[in-house]
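So the structure is just underneath, and the comments pick up after that.
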Amino acid sequence: MPLPKSEPVIIIGGGAFGLSTALELSTRGYTDITVFEQDEEIPSRWSAANDLNKIMRAEYEDGFYTELAIEAMQAWQTPLFAPHFHRVGFLNCVTGAAPQKAVDTMERFRAAAERHPVMKPFVSGVDGRDELRQLCWQFDGQLPGWKGYINKYDGYVHSANALRGVYRAARENGVRFLLGEKVGAVREIVYEDTCQGRKSVGVRTQGGDFHAASLVIVAVGAAATKIVPEIGSHVQAKAWSVAHVRLTEDETSSLRGIPVTYARDLGFFFEPEPKTNLLKLCPMGGGYVNTDPSTGLSQPPESLTQSRFVPHEDELKMRELLHQTLPHLADRPLVRKSLCWFADTSNSDFVVDYVPQTSSSVMLLSGDSGHGFKMFPIVGRWVIDLLNSAKEQQPISRWRWRNFSSANGNASQDDVSWRIGDVKEIRDLQINQVESKL
Ligand SMILES: Cc1cc2nc3c(=O)[nH]c(=O)nc-3n(C[C@H](O)[C@H](O)[C@H](O)COP(=O)(O)OP(=O)(O)OC[C@H]3O[C@@H](n4cnc5c(N)ncnc54)[C@H](O)[C@@H]3O)c2cc1C
């Protein structure tokens with residue numbers, strides 16, 4: 001039987017998935033919703049989405065996600081979301097030195113975009129420096145061997161501002177928010193045994209308070225295994241690097257309107273943000289994990305300061321990317337460097353399902369796999385669909401609950417074609433970082 005709309009619902013996590021869910025539930029008439037967020041404010045410093053921008057591209061190698069991204073794109077063009085969507089195009093390329101895996105992936109993305117009737121009119125191929133410069137005159141680097149395509153259907157979204165907008169809208173709809181380490185950080189879900197089996201009765205905060213709920217929705221991003229350890233290594237905390245170059249106002253103006261520029265073997269960057277004059281860069285790579293040797297599970301570090309750096313190898317990739325495109329910026333200091341943690345699954349599929357043996361009283365919303373923000377406007381609908389599903393079962397089989405014992409580990413990184421490079425342990429890295437400073 002569907003949950004009556006007046007029953008108390010708790011959402012743990014005020015990041016992208018949690019806020020989207022809070023807004024959708026409150027819009028659909030659920031009247032008793034409380035969001036718990038461990039940070040003092042939203043956007044939370046812990047949220048992977050608290051960022052200047054995220055790529056909003058609709059083409060996926062996988063048709064299922066392409067259709068979802070098209071649906072999300074339409075939602076980004078509605079009044080609540082439109083102020084944060086910038087349709088500057090997505091320039092998806094490889095350099096002349098790219099490994100075949102990167103070239104093949106780029107070609108599959110391109111084929112997906114060209115195949116889709118909605119996107120097809122927006123897509124065109126680019127090959128070599130001259131063609132690239134016709135598209136983007138600002139790129140005065142050598143662009144050695146660059147080729148790929150531009151998709152003008154795509155662009156980027158200002159993710160921190162979009163979080164702010166949805167937070168405001170959810171509050172206006174009557175959603176309660178409990179913020180901060182003491183009242184907002186959830187320590188655990190509280191269960192009781194009933195004659196039908198285990199059932200959640202609410203949550204306990206780090207401060208020790210108990211809050212009752214009929215349904216607990218866990219949307220804690222990279223921290224999923226801390227609250228739902230049963231998911232095991234199917235969801236692992238993983239990080240990618242982010243850094244910025246600070247520009248002058250004139251430099252920001254002259255780069256206005258450049259497409260999201262992606263070299264699949266090096267990384268990507270965005271149009272600079274006019275308020276801060278920051279140009280954001282991300283290197284391409286396998287990412288970093290933080291595995292606890294005793295459990296075999298990767299979880300985000302306990303403090304934010306432990307993630308305020310980028311590995312040297314990533315810095316080199318970002319500089320090389322600038323050197324090939326905007327060489328006058330290649331030697332500038334990189335600022336606001338961080339490792340940004342997300343919830344990765346071995347097949348890159350999301351997890352949207354009830355936690356087994358909880359009598360459908362706990363739902364896990366996780367496994368964003370580093371590509372979930374584009375779906376921000378529609379995530380909440382997936383929760384509604386599950387709440388209304390027959391037999392309380394996730395109808396989309398790829399989003400159903402799975403668990404792997406940590407001994408089995410995750411499937412190999414190579415299972416996901418768009419990931420290039422090895423996954424590294426953050427602890428090995430920090431040792432190297434310290435050594436390299438000596
Ligand atoms: C470097 C990087 C680049 C990315 N680029 C893109 C992109 O270009 N396009 C795209 O679509 N996606 C991108 N993503 C992915 C996107 O950021 C995520 O898919 C999205 O943020 C996932 O939302 P979430 O709500 O699951 O997690 P988050 O947004 O991380 O939110 C989780 C929230 O839970 C809170 N929380 C955790 N534990 C607790 C607790 N115990 N109690 C209370 N609160 C808690 C945290 O404070 C946080 O606010 C990128 C991710 C990274 C890391």
## Note on the structure
Taking region 136-162 and keeping residues assigned to a strand (DSSP E or B) and touching a Cys at 6+ places or on another chain (Cβ under 7 Å) leaves K147, G148
### Task
Could you list all residues from region 100-120 that are open to solvent by less than 60 Å² (accessible area, probe 1.4 Å) and not in a helix (DSSP H, G or I)?
H116, V118, M119
### Task
Among what's in region 77-95 and is open to solvent by less than 60 Å² (accessible area, probe 1.4 Å) and more than 22 Å from the chain's Cα centre (by Cα), pick the residue that is farthest from Y167 (Cα to Cα).
T95
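Results for (1) free of Cβ contacts under 8 Å to residues at least 12 places away in the same chain; (2) among the acidic types (D, E); (3) under 25 Å from Y153 (Cβ atoms), shown as yes or no for each residue.
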site: A239; (1), (2), (3): no, no, no
site: L255; (1), (2), (3): no, no, yes
site: Y262; (1), (2), (3): no, no, yes
site: K275; (1), (2), (3): yes, no, no
site: L278; (1), (2), (3): no, no, no
site: L281; (1), (2), (3): no, no, yes
site: D292; (1), (2), (3): yes, yes, no
### Query
In region 1-17, which residue that is open to solvent by less than 10 Å² (accessible area, probe 1.4 Å) and not in a loop (DSSP other than H, G, I, E, B) is farthest from the ligand (Cβ to nearest atom)?
V9
### Task
From Q100, Q74, Q142, Q134, grab the single residue that is of a type in the set (S, T, N, Q) and touching a Lys or Arg at 6+ places or on another chain (Cβ under 9 Å).
Q142
### So S366, is it closer than 23 Å to A72 by Cα and among the small types (G, A, S)
yes
### Members of region 29-76 that are under 20 Å from E273 (Cα atoms) and polar (S, T, N, Q)
S44, S47, N50, N53
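Rundown of residues vs (1) near the ligand (Cβ under 9 Å from one of its atoms); (2) not in a helix (DSSP H, G or I), yes/no style:
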{"residue": "L23", "(1), (2)": "no, no"}
{"residue": "G29", "(1), (2)": "no, yes"}
{"residue": "V35", "(1), (2)": "yes, yes"}
{"residue": "S44", "(1), (2)": "yes, yes"}
{"residue": "A48", "(1), (2)": "yes, yes"}
{"residue": "Y60", "(1), (2)": "no, yes"}
{"residue": "E71", "(1), (2)": "no, no"}
### Query
Among the residues of region 208-267, which ones are more than 22 Å from the chain's Cα centre (by Cα) and within 15 Å of the ligand (Cβ to nearest atom)?
G208, D209, F210, H211, A213
### Task
Within region 95-104, identify whether any single residue is within 16 Å of the ligand (Cβ to nearest atom) and at pLDDT 95 or above, and answer yes or no.
no
### Message
I'm checking my understanding of the structure. Among residues of region 229-251 that are assigned to a loop (DSSP other than H, G, I, E, B) and more than 30 Å from W399 (Cα to Cα), which one is least open to solvent (accessible area, probe 1.4 Å)?
### Response
L247
### Summary
Counting only residues in region 148-195 that are farther than 27 Å from K374 by Cα, away from the ligand (no atom under 16 Å from the Cβ) and of a type outside the set (A, V, I, L, M, F, W, C), the one surrounded by the most Cβ atoms within 10 Å (Cβ to Cβ) is identified as Y191
### Query
Considering S20, S26, which residue is surrounded by 24 or more Cβ atoms within 10 Å (Cβ to Cβ) and of a type in the set (S, T, N, Q)?
S20
#### Entry: Hey, V201 of a type in the set (A, V, I, L, M, F, W, C), open to solvent by less than 70 Å² (accessible area, probe 1.4 Å), assigned to a loop (DSSP other than H, G, I, E, B) and over 25 Å from T295 (Cα atoms) or not
no
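The values are calculated or read from the model by the stated rules, or taken from the named source; none is laboratory data. Predicted model only: the values in this text are computed from it and were never measured. Glycine gets a Cβ as well: all are built from the backbone with ideal geometry, and neighbour counts include every protein chain shown. Ligands, DNA and RNA are excluded from the accessible area calculation, which covers all protein heavy atoms including side chains. Shrake-Rupley method; radii C 1.70, N 1.55, O 1.52, S 1.80 Å.
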